[in-house]
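The values are calculated or read from the model by the stated rules, or taken from the named source; none is laboratory data. Computed from a predicted model, the values in this text were never measured in an experiment. With ideal geometry, Cβ positions are generated from the backbone for all residues, glycine too; neighbour counts draw on all protein chains shown. Accessible surface areas use protein heavy atoms only, side chains included; no ligands, DNA or RNA. Shrake-Rupley method; radii C 1.70, N 1.55, O 1.52, S 1.80 Å.
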Amino acid sequence: MSRIEVIQEAPLTDNPLYVHEIIGYVLVTCKELGMDKYHGEHLAVQTAIQIKKTSPEVAERAFNNASELSKTKGMGVGELMKWNKAKSLMKKPVSPEYLDRISDDKELDSKEVSEIQAAGYLSLAALELNFLSGQLTPLEMEFNYQLRVLPPDKANTIGLNFLGLELDEN
């Protein structure tokens, strides 16, 4: 079955995800899209930051209005210039300080958001990092695909490893 068929047969739902799983799914999504490793890492961290600072209702609206949302950052040469600047800032690894802040955040450890909200947070994170508006749809589609093919425990392990945490065997 093709990626498109998988996405069409299994759209995003209200099923809950934990933040560490979302981080893992974002990292795999970026890798599958052929993004620079550090761009994916910055996007994963920014997604976690968005989950912390943005309400679930805003995230759902971002998902439901993704095409309108992308227009808020502008288009054309200005958007391209912002993206070029953002790329140069993201060519280094994420600061350990940010990783520590996320891994030490007990609220994020247990926070659940729906698949729809997670996709909204991902879009908001991409816009915050000045990703191009044309990158949002492929990001969202690949994220949805990864939610269907990558087991949650594997995504969780990827997210925990990225943050330097270990899986709790309880």
- Query: With every protein chain left in place, what is the accessible area of Asp153 in Å² (1.4 Å probe, nearest 10)?
  - Reply: 110 Å²
- Item | Separation in nanometres of the label points that stand 7 Å from Cα toward Cβ, at Asn64 and Glu166 | 4.4 nm
- Message: Going 7 Å from the Cα of Glu97 along its beta-carbon direction, which residues of the range 29-63 have the amide nitrogen within less than 13 Å of the resulting point?
- Response: none
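Quote to one decimal, in nm, the extra length available between Ala10 and Met81 on full extension: 0.36 nm per residue of separation minus the C-alpha distance between them. Please list the in-between numbers first.
Working: separation 71, 0.36 × 71 = 25.56 nm, distance 3.61 nm.
Between Ala10 and Met81, full extension yields 22.0 nm more.
Can you give the FRET efficiency to the nearest 0.05 for Gln135 and Lys106, using r as the Cβ-Cβ distance and R₀ = 35 Å? Walk me through the intermediate numbers first.
Numbers: r = 32 Å, r/R0 = 0.93.
The pair Gln135/Lys106 has a calculated efficiency of 0.60.
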- Subset of Lys53/Lys154; Lys53/Lys91; Lys31/Lys106; Lys31/Lys154; Lys91/Lys111 violating a 20 Å alpha-carbon distance limit: Lys53/Lys154; Lys53/Lys91; Lys31/Lys106; Lys91/Lys111
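Find out how many positive minus negative residues lie around Asp105, taking Lys and Arg as positive, Asp and Glu as negative, among other residues whose Cβ is under 10 Å from that of Asp105.
On the way: positive: Lys52, Arg101, Lys106, Lys111; negative: Asp100, Asp104, Glu107, Asp109.
Every neighbour counted, the sum reads 0.
Once you sort the root eigenvalues of the Cα gyration tensor of the range 109-170 as a ≥ b ≥ c, which label holds: rounded (a/c under 1.5), prolate (a/b larger than b/c) or oblate (the other case)?
Prolate shape, in that a/c is at least 1.5 and a/b is the bigger ratio.
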- Note on the structure: Once phi for every residue in the range 141-154 is put through the Karplus expression 6.51 cos²θ - 1.76 cosθ + 1.60 (θ = phi - 60°), the whole-Hz ³J(HN,Hα) values, with Gly and Pro written as x, are 5, 5, 4, 4, 4, 4, 4, 8, 10, 9, x, x, 5, 5
